[in-house]
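Have a look at the structure below, then the notes.
Values in this text are rule-based calculations from the coordinates and carry no lab data. This structure is a prediction, so every number in the text was calculated from the model and none was measured. Note that each Cβ is placed from the backbone with ideal geometry, even for glycine, and that neighbours are counted across all protein chains shown.
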Amino acid sequence: MSVDYDFLTEPLTENPDNSKSPDIFQIKAITKKDNAVVSAGAGSGKTDVLALRYAFLLMTDENIHIKNILALTFTKEAASEIYDRIYKKLNSFVKFLDNDKYPKQVKLAKRALDEFADAKIQTLDAYSGSLVRIAASRYGIRPDFTTGSSSCDRAVEDAALPFVLKHRTEECFNVYSMPGKIEDFAAGYFASPVLECTSVATRKNFFSDNFQIQKAQIIEEWNSFFAENENSIKSQFENIKSLLNEADEKNAFTSELKELVEKNDFTENGNNFSFDYLNEENANSFSAAAQVFYSGINSVCSISMNKGGNKEPVKEIKETIKRIRETIPVVVSVVNFIKNFSAQKRMFELLDEFLEEVNNTKRISGNLSFKDVGDLALRILIEQPDIRKQQKNLIKKIMIDEFQDNNKKNKELLFLISENDGKELLIENKTEAEFFAELENNISAEKLFFVGDEKQSIYKFRGADVSVFNQLKKSLKDNSGSQENVNLNMTNNYRSSVPLLYSFNLMFGNCNDSHPLNETEIPSLFYSEENGIENLKSYEAEYKHNALKKNELPCSVDASNVPVHLCLLNTGENEDGNNFADFVNYGKCLSENETEAYFIARKIYELSKIDSNFNNYAILDNSRSGRFYLQRYLSLFNIPYTVDRQTNVFSEGIVNDFYSFLRFCVYPSDSNAFAAFLASPFAGISIQGIQNILSASVKKTKNSEIIFSAFEENDEISLSDSDMKKYLAAKKFYEELRDNILSQSLTKSLELLWYKTGYYFETILNRNLTLYAEQFDLLYETARQAENEGKSISWFVDQLGIAKKKEISSYMNDESVELELKEISYPIEKPDAVKIMTIHQSKGLQFKHVFVIGIWGNPKTQITGTFFFDEDGFDEKIATGVSLCALDEGGNYFSVRQKEDSALRELAEQKRKIYVAITRAEEDVHLVGSFSRSKELKKFDESDNAEKRYDGSISLMHKLCRFYYQKELYTDNDFSFESYCNEPVFNKNGAPFDFIKINPVSTKVRADEKTNLDELRQKKIKLFSAFYDKIPFEKDNDFPHEFSDKTQTPSGLEKLPPKTTVKVDGAFKINEEYSSIDSILKSATDISEDNEEDSAYAEFNYADFGKFAHSYLECLVSTGNILNAENFIDRIVSKKLSENQKAKEILLKAIVSMCECFEKTYLGKKVADAKKSNRLCKTENKFKFLMDDTIFTGSMDLIFQDSDQKLFIVDYKTDRAVKPELYIEQLSCYRKAASEIFHVDTKDIETFLYYLRYDKEIDISAYTL
C-alpha cells in the first residue's frame, strides 16, 4: 500500500489493541476511486466501509470538498447513522493519526470537519425533492409543495368515485364493474392504476399510448399461431392431418380425431385467420374469427388420449396434441384481449382523462406523493440540461447504499448526474429507451459507487427491483473500460459464528466441498456460480461466494454445535387416523398458530436460564397477523417483549376505554359511548346494571321521537347498592372532567385519564401489562401530532371512530381515515425485552438468538386483481403498461403473462426474506412452522422417484427439510401432551441444521395465565383511588397545606445533613484546563432573591454553567456527537450565551473537552457499548415515584444498562468541591425509583457521580443501598 492508503490501517483509538483495521476486501472497496459496484453480504461491515471511503476521498484528494460528495441512503435512519459514522471517522483521524507521518491526510480531515455543515448525506427522496424545488415552476407546480403519500393517496381515492359517477353511462363499465359495486369499481379500476402506475410526471395519454403497444404485440402473437414454421399451431395442426392419412382407419382414436379435424379445420383454403392490424372497424370480425379458431383447436384437443394405443403414427399424433394443448392458455388470453378490445380502448381513454384531472389537482394543491417527486426529478434531469449540468459540476462523487432496494428510475437519475462533462445529451427526437441507451455509453468512469446485496432485496412492494442491481454489475465500467474490475465483493461476516456460516453457505448456495454441486440433488435457496444454472432470471439472487470469518477457518457442524434448528408441527393425520384438526376442534389442543407461539415462548424461557438477557432475543415474522398468541404466551412465561408496531389497538381495553370516554364527552347523546363508559374501569358497572340505566335513560316524546339523556335525575333506575354507588361515582367523575376535556389540550386530557385513573400504575406494577403502556404512548403521540396540526377534540374522536371501524372491517369504502395509527412512530424504552418485529424491520440489526415464523409456506401471489402492470417488458419486448382484467375472463394475454411473472418474482423475494431473517443471528436460529403430512403424501415420498421431485405446493423450506429429514417428518403426533417437543435429531450426513418436532399442546396451558386483566384493573384502581383522592401530583394554588411535605424533588435531599463521609481518592484532582471557567462565572448566590426576575438575563453563573454542560452531555449520549447540542440548551442559558460570544467560546471549549474526556472514561465506554448494543440508554429520564408517603418528581441525568443487565445511574456534577456524601440520599432515591420502574433488583443497580471539572467518576453504590 502507498502512503495514501497506509493511514487506513492505523489504530484510531487510545488503545491500539482494540483498534479494528479494514480487511482486504474492505480495503479494495474503500480505495477504489473510480466506478464500483460492491456486493456486501450480511454482516460484512458495509456501513463502516461507506464511512471510510467517504473519509478516504476527502483525505486523499485536495480537489474534493465535502459539498462535492453526494451520499444517498434508503431511509432517514440510515442517512442519520452514516452521517454520524462519517463525522466520527474524520474526528478519529484528526485525533489519533500521526501528523508527522500523514500531514496531508490530517490537514484534509480537519478541513472536512470544518466544512461538515455542507455534507450532502440524505435519502434519495430528499435529493429528488431538492431537484423538484429548483424546477417546480417550470412544470406548473407550487414551489412550496408538500410530500406525503397518505394524504396524496386519499385525494386520488376521493376523486375516483365522482369521476366514475360522471361517466356512469359508459358501456365499457359493464365489462368491468359488478352491479351495486360502483365504489369498488372506482377504487380498483381508476384510483389504484393511477396511484400505482403513474405520477405527476407521467405524460398525457399514458394509458392509450401503452394500449397501442399492446395492440401491436397482440397482432404479432396472434399471427405467430399461423406462421410458416414447425412450432406454430397451424403447422402442428397440418402435421396431425398428414399423420391421420397414414393411420389405421379402424383405430377408434384416429377415426374420432379425423372427424374432429375435418369439422374444425382452420387450415383449409379460404380460411384466412391472420390480421395485419386491430382497430374499432375490424374488432368484431377479428373477435369472431378468434372465437372460431379457439373453439376449433379446443374441440380437437379435448379428445381422450386413453384409447388408440401408443404405436406410430398414433404416438406422434398424441405428442403433437399435447404440444397444442400447452398453447391453448395463450390462445385463450389472446382471444380475451381481442373480445374486449373496444371496452379496453375506452377504459384507457377514461383513465387518461382521470389522470389529467388528478395531476392538475396535484399541481394546484402542491400535494405530492414520494413517487411524484421521484419521477418528476428524473424528468427534470432529462428535460432540463441546465439543471443537469449544474448538478454534474457540483457533484464529483456519488455513493449510494442499499442499492438493491432501488429501481430502474433511480439508476437512470444517478446516471444523468454522472454524465461525462461536456455537452449534455438531449432527449429531442429520441424515445426514452434510445436516450438512456446512448447515455449509458457516456457515463463518467469515476463517479459512481454502488453498495448493495442482491440477496437482501426485500422491498418489492415499495417498487424495489433487484434486477437493476444485478444488471448494473454487468454494464457499469470504470477507468479500465471493463466490467470485471467494477465488481467487488465483501465476503467476511463479522456478525455470525463460524458454525452459522457453514449452515448459511450450505442452505443458500450448496457451496461446501463435501457435497455435489447439483441443484437437482441438494436443494438450496439460491443458485451458486458452480450450479451451472443457465438463463437465470435477472431478479434471482446468486450465492456466488461463501461467507467467511476473518482469520478463522471454516468448519462443519455436528449435533453439539449445530446452530440452525428446523422446528415443525405436524398438522396432518397419524397412521392410526388421529387428526390434529380434530383435536383442535374438540378443544383438546391448541391451534396451529397458538402451538407455534407456545413453542417459541417456552423455548425462550428455557434458553433464558443460560442467557437471561432478553435483549439478545428476537422473533421475526413475515407479517404481523399472528402476534396475539405470541404476546399471550410470552406473558404467560413472564418474558418481557416489545413490538415494532401496534396492531389491533382497539382489541384491548385501554384505547377503547379512552376513546369511549372522550366520545361521550364530545357527544353526550351517543348511547353507545355512554354504555361503553359505564362498562369500562372508569365506572365498572355490571352488565345488568348498564341495561337498566340505558332503559331508564330513553324517553319517547309526544311526537313519538326517541330522546336519550345520560345521567338525568331518574327515580326509575333500578340498581343494586354496589352499582348505584358506582353509577353516582361515574356521574361525578364525568361532570368533574367533561369541561376540562373539552377545553384543554388533547394530550393534557389523555395524561389526566392515564394517571388519575390508575392505568399507569397498573402497567408499571405488572410487567406483563407493559404493552398497554405502549398503546397509551401510541394514542398520546397520535394526539400530540393532531394537536400540532390544530385539530380539535371532535375531529380526533371522529377519526378514532373511523380507525376503529377500519380495524374491525378489513375494507371500508364509505369513509376515509385521516388518522393512520399504524404510521405513528413513538419511542419504546425497555432495557431488557424480546424484540418482535417483521423481517423487513430487522434489516441492519443483529441478535444472538433469532426465532423466525411465517416462512414455511409459499408466498401469497396476486391470483385475481383489477389490473396488472408491466413496466420493464418481457422477453426483450417493449413494456406494455397497464392491462385491465374484465369480469368474465380468466385474464387477457398481458394480465396472464404479468401474473405469472409476478408469482415468480414473489417466490424469488421469499428466498431473499429467508436469507435476511436467518442472517440476523449471531449464534443460533430457530425456524418455526408447520407441515400437513397426509398418508397419501407419505406414500409418494416413499416411492422411488420422490427424491427427485421438488415442485408443486411444497415450499422452499420444506424442500430443504425433506432432503435431510424425510423420515423424521412423518413421525406421528404425540397426543399425550407430555412434552411440547421432541429432542433434536441431527443427520450426520452433512446437514446444515437439526430437526425438532413440535408436539401438540394441551389447551390446559391456558389455565396457567395470570390474573384476569379486568380483575387486576379493579384491584389497582381501588388500591390507588384513596391515595389520589388525597394527594395530587402537581402543586397548584389550591394545593392543601397539610400535604406540602408530601411532594419533593430528589435534589432537595441535598439539604439533609450527610449521615456519613465518602472517602475520595487522593489522586482526584481538578483539571487545570478548566481554570478559565471561574473567571467568567458569577456565583448564583450573589444574586438576591428580591432581584430574581431581573437576574434571569444577568451574568452567566455557576447554575447556568451546570445546565450548559448537562445539555452537551445529553446531546453526546443521545445522538453520539455534539453537533446539535444547541437544540438541547435551556432558552435563558442560550440567551445569556448569545450576549457574550467571548465567554461562550471559552466555556464551549471547556465543555467540549469535558465531553471528550467523558467518552474515554469507564462510564463513557460502557455508555457507548450500551448504545451500540441497543440496550437501555436514556438521558434526562423523568419520573414520579412514591417513597415513604412522599411523591418524588425528578429526572436522572443518565441511566443505562450494561452487558450483565445491570443498571447504571449517573449524576453529573460541575461542583468545584468534591463532597459525594451530599448526594447519597438523592442517588438512593434514584436507585429505588429505577428499581420500581424497570423491575430490577436494587442490588443490580450501580450509582455514580461524575465530576466534570475532574473528568472522573465516583462510585457511591455501597452508600445508596
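Remarks
- Order by protection proxy (mean Cβ within 10 Å, highest first), peptides 179-192, 838-851: 838-851, 179-192
- Potential lengthening of the chain between residue 262 and residue 342 amounts to 25.5 nm, from the contour at 0.36 nm per residue minus the alpha-carbon distance.
- The listed peptides 957-969, 741-753, 300-312, ordered by packing as a protection proxy, come out as 957-969, 741-753, 300-312 (highest mean of other Cβ atoms within 10 Å first).
- Ranked by the mean number of other Cβ atoms within 10 Å of their residues, highest first, the peptides 132-138, 401-407 come out as 401-407, 132-138.
- Interchain or long-range residues, amide H under 5 Å from residue 589's placed H: 584, 1003
- GluC sites (Glu not before Pro) restricted to DSSP loop in the range 428-499 with at most 10 other C-beta within 10 Å: 428, 484
- Here the residues 555, 152, ranked from fewest to most Cβ neighbours within 10 Å of their Cβ, fall in the order 555, 152.
- Residue 745-residue 171 pseudo-label distance in nm [points 7 Å out on the Cα-to-Cβ vector]: 6.2 nm
- 896, 466 arranged by Cβ crowding within 10 Å, fewest neighbours leading: 896, 466
- The modelled label-to-label distance between residue 1059 and residue 312, using points 7 Å beyond Cα along the C-beta direction, is 10.8 nm.
- Distant-in-sequence amide H partners of residue 1246 (H built 1.01 Å from N, under 5 Å): 1207, 1208, 1209
- Within straight-line cross-link reach of residue 1055, lysines at Cα separation under 18 Å, skipping those fewer than 8 residues along the same chain: 1046, 1213, 1219
- Calculated over the range 172-364: convex hull of Cα atoms, volume per residue (Å³): 151 Å³
- Centre separation in Å (Cα based) which lies between the range 353-393 and the range 5-84: 33 Å
- Cα-Cα over 18 Å, subset of 835/1184; 33/477; 88/1165; 110/1144; 28/104: 835/1184; 110/1144; 28/104
- The range 172-364, relative contact order in percent, only Cα pairs under 8 angstrom and at least six apart counted: 35 percent
- The phi-based Karplus calculation (6.51 cos²θ - 1.76 cosθ + 1.60; θ = phi - 60°) puts the 3J(HN,Hα) values of the range 7-12 at 5, 5, 9, 6, x, 10 Hz, whole numbers, x for Gly and Pro.
- Extension reserve of the residue 575-residue 227 stretch, reckoned as 0.36 nm per residue once the Cα distance is removed: 119.7 nm
- Checking the cross-link pairs 20/1063; 389/460; 455/550 against a 27 Å limit on the alpha carbon distance flags 20/1063; 389/460 as lying beyond it.
- Label point at residue 442 placed 7 Å out along Cα→Cβ; residues across the range 379-410 whose backbone nitrogen lies under 17 Å: 379-393
- Cross-link reach list, lysines versus residue 588, counting only Cα pairs under 16 Å and skipping chain neighbours closer than eight places: 1004
- Annotation: lysines with alpha-carbon distance below 23 angstrom to residue 725 (same-chain offsets under eight excluded): 756, 1019, 1020, 1022, 1030.
- With R₀ set to 41 Å, the beta-carbon distance separating residue 1069 from residue 736 gives a calculated FRET efficiency near 0.10.
- Burial ordering of 83, 667, fewest other beta-carbon atoms within 10 Å first: 667, 83
- Evaluated over the Cα positions of the range 21-103, the convex hull gives a direction-averaged projected area, one quarter of its surface, of 6.3 nm².
- Simple rule: put +1 on each Lys or Arg Cβ and -1 on each Asp or Glu Cβ in the range 172-364, find the dipole, and look at 361, 340, 172; the Cα lying farthest toward the positive end is 361.
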